[in-house]
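**Q** I have a structure I would like to understand better, so I am pasting it below and will then ask my questions one at a time.
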Amino acid sequence: MFSITPAKILLITALALGGALLGLFDRLYAWQWHHLQLHSTIETLGGMISCLISIILFIQSKEKLDAILVMLATGFASMGILDTAHAISRLGDSFIFLHSVASLSGSFFFASVWFCKRRRFGSLNELRFIYFGFITLSVSIGLRALLFPGDVPRIMPLFDGKFTMAAVLINLTASLLFIASVFKFYQEYRQRGNKLDLLFACLAYLFGISAMIFPFSSPWNGMWWIWHLVRLSAFLTTLVFITRQYGKYLGVNESENKKNYE
């Protein structure tokens with residue numbers, strides 16, 4: 001008897017999304033819409049949401065010293081900072097560089113969950129060092145790219161409208177790392193039954209698809225807008241779910257505290 005499982009849902013969604021993109025590829029690739037203000041709005045909103053998700057995950061990780069939550073919080077913070085810098089950057093090398101580095105940094109921390117065999121950090125200082133250390137690094141990279149765009153590696157589109165090999169490789173690497181983390185999160189979900197792990201599996205899948213679409217797009221065409229919308233939808237979905245989960249967590253703690261005082 002056929003049964004619906006989260007793995008089958010992910011597979012069906014992947015096939016459906018891939019089939020839709022392949023079927024509409026010619027039209028989406030040919031369609032052009034240059035709207036810098038809308039692009040900046042989408043990226044700024046995505047960056048701010050990513051930072052909010054990071055803060056919520058960091059607060060939760062402080063109480064449990066959870067290694068996976070710390071790595072994810074750091075990844076969201078890094079993506080949020082660099083995506084926000086990308087949103088306010090001028091068109092040029094830094095414009096593509098900041099987005100590519102944002103995807104790569106986020107995918108690195110997502111994939112790092114494979115190495116979080118020790119679920120808890122030894123101390124709160126160790127947790128803070130990783131989180132705030134990489135935030136500082138992301139801020140420095142973003143500011144340098146904004147203030148000194150001439151120092152950014154040349155990975156802008158070539159004369160024929162296609163991206164350079166460096167930009168393609170960075171985003172394909174990010175896509176592979178995101179997809180690799182999907183299997184780990186699903187494994188965690190099977191072991192613990194935590195819906196949050198399943199959410200991260202779906203999120204990593206959407207980020208992976210977005211990064212994979214990048215090399216097949218060109219600035220301002222339909223495919224370009226598609227991967228922006230995929231990323232934004234992933235951020236919004238995650239923010240709603242995590243906020244609700246955190247609200248329930250605070251409600252449980254509040255009720256326990258009242259019982260203790262009674």
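The values are calculated or read from the model by the stated rules, or taken from the named source; none is laboratory data. None of these values were measured; they are calculated from a predicted model. Using ideal geometry, Cβ is built from the backbone for each residue, glycine included, and neighbour counts are taken over all protein chains shown. Just so you know, the surface numbers come from the protein's heavy atoms only, side chains and all, with ligands and any DNA or RNA stripped out. Shrake-Rupley method; radii C 1.70, N 1.55, O 1.52, S 1.80 Å.
**Q** So, Phe148, is that one of a type in the set (Phe, Trp, Tyr), farther than 22 Å from Gly75 by Cα and in contact (Cβ under 8 Å) with a residue 40 or more places away in the chain or not? Steps first, please.
**A** Details: of a type in the set (Phe, Trp, Tyr): yes; farther than 22 Å from Gly75 by Cα: yes; in contact (Cβ under 8 Å) with a residue 40 or more places away in the chain: no.
Criteria not met by Phe148.
**Q** Taking the options Phe178, Phe183, Phe110, Phe132, name whichever one is modelled with pLDDT of 90 or more, hydrophobic (A, V, I, L, M, F, W, C), in a helix (DSSP H, G or I) and surrounded by fewer than 16 Cβ atoms within 10 Å (Cβ to Cβ).
**A** Values: Phe178 fails: surrounded by fewer than 16 Cβ atoms within 10 Å (Cβ to Cβ); Phe183 fails: modelled with pLDDT of 90 or more; Phe110 fails: surrounded by fewer than 16 Cβ atoms within 10 Å (Cβ to Cβ).
Of Phe178, Phe183, Phe110, Phe132, the one residue that is modelled with pLDDT of 90 or more, hydrophobic (A, V, I, L, M, F, W, C), in a helix (DSSP H, G or I) and surrounded by fewer than 16 Cβ atoms within 10 Å (Cβ to Cβ) is Phe132.
**Q** Further question on the same structure: Is it the case that the range 213-231 has a residue that's open to solvent by 30 Å² or more (accessible area, probe 1.4 Å) and outside any helix (DSSP H, G or I)?
**A** yes
**Q** Please find, within the range 26-65, the residue that is least open to solvent (accessible area, probe 1.4 Å) out of those that are charged (D, E, K, R) and at pLDDT below 80. Give the derivation first.
**A** Initially, the range 26-65 is screened for residues charged (D, E, K, R), giving 26-27, 43, 62-64.
Checking which are at pLDDT below 80 leaves us with 26-27, 62-64.
Details: Asp26: 121, Arg27: 191, Lys62: 80, Glu63: 101, Lys64: 102 Å².
Applying the filter and picking the extreme gives Lys62.
**Q** Which residue, of Ala73, Ala14, Ala77, Ala85, is at pLDDT below 85 and either open to solvent by less than 30 Å² (accessible area, probe 1.4 Å) or of a type outside the set (Asp, Glu) (or both)?
**A** On the way: Ala73 fails: at pLDDT below 85; Ala77 fails: at pLDDT below 85; Ala85 fails: at pLDDT below 85.
Matching residue, one of Ala73, Ala14, Ala77, Ala85: Ala14.
**Q** For Lys195, which of the numbered conditions (1) open to solvent by 50 Å² or more (accessible area, probe 1.4 Å); (2) under 12 Å from Leu104 (Cβ atoms); (3) modelled with pLDDT under 85 fails to hold?
**A** Going through the list (1) open to solvent by 50 Å² or more (accessible area, probe 1.4 Å); (2) under 12 Å from Leu104 (Cβ atoms); (3) modelled with pLDDT under 85, Lys195 breaks only (2).
**Q** Going by what's in this entry, would Thr238 be described as part of a helix (DSSP H, G or I), surrounded by fewer than 18 Cβ atoms within 10 Å (Cβ to Cβ) and out of contact with any Pro (no Cβ under 9 Å at 6 or more places or on another chain)? Break it down stepwise before answering.
**A** On the way: part of a helix (DSSP H, G or I): yes; surrounded by fewer than 18 Cβ atoms within 10 Å (Cβ to Cβ): no; out of contact with any Pro (no Cβ under 9 Å at 6 or more places or on another chain): yes.
Taking the combined requirement at face value, the residue does not satisfy it.
**Q** Right, another one. What is the residue count in the range 42-68 for residues that are under 15 Å from Leu199 (Cβ atoms) and in contact with a Cys (Cβ under 6 Å, 6 or more places away or on another chain)?
**A** Residues meeting the conditions: 1.
**Q** Please enumerate the residues belonging to the range 106-153 that are within 14 Å of Ser54 (Cα to Cα), under 14 Å from the mean Cα position of the chain (by Cα) and small (Gly, Ala, Ser).
**A** The answer is Gly106, and nothing else.
**Q** Any residue in the range 250-259 that is of a type in the set (Ser, Thr, Tyr), at pLDDT below 80 and either open to solvent by less than 80 Å² (accessible area, probe 1.4 Å) or in contact with a helix residue (DSSP H, G or I) (Cβ under 9 Å, 6 or more places away or on another chain) (or both)?
**A** First, the residues of the range 250-259 that are of a type in the set (Ser, Thr, Tyr): 255.
Narrowing further to those that are at pLDDT below 80: 255.
From the residues that got through so far, the ones that are either open to solvent by less than 80 Å² (accessible area, probe 1.4 Å) or in contact with a helix residue (DSSP H, G or I) (Cβ under 9 Å, 6 or more places away or on another chain) (or both) too are 255.
Scanning the range 250-259, I find at least one residue that is of a type in the set (Ser, Thr, Tyr), at pLDDT below 80 and either open to solvent by less than 80 Å² (accessible area, probe 1.4 Å) or in contact with a helix residue (DSSP H, G or I) (Cβ under 9 Å, 6 or more places away or on another chain) (or both), so the answer is yes.
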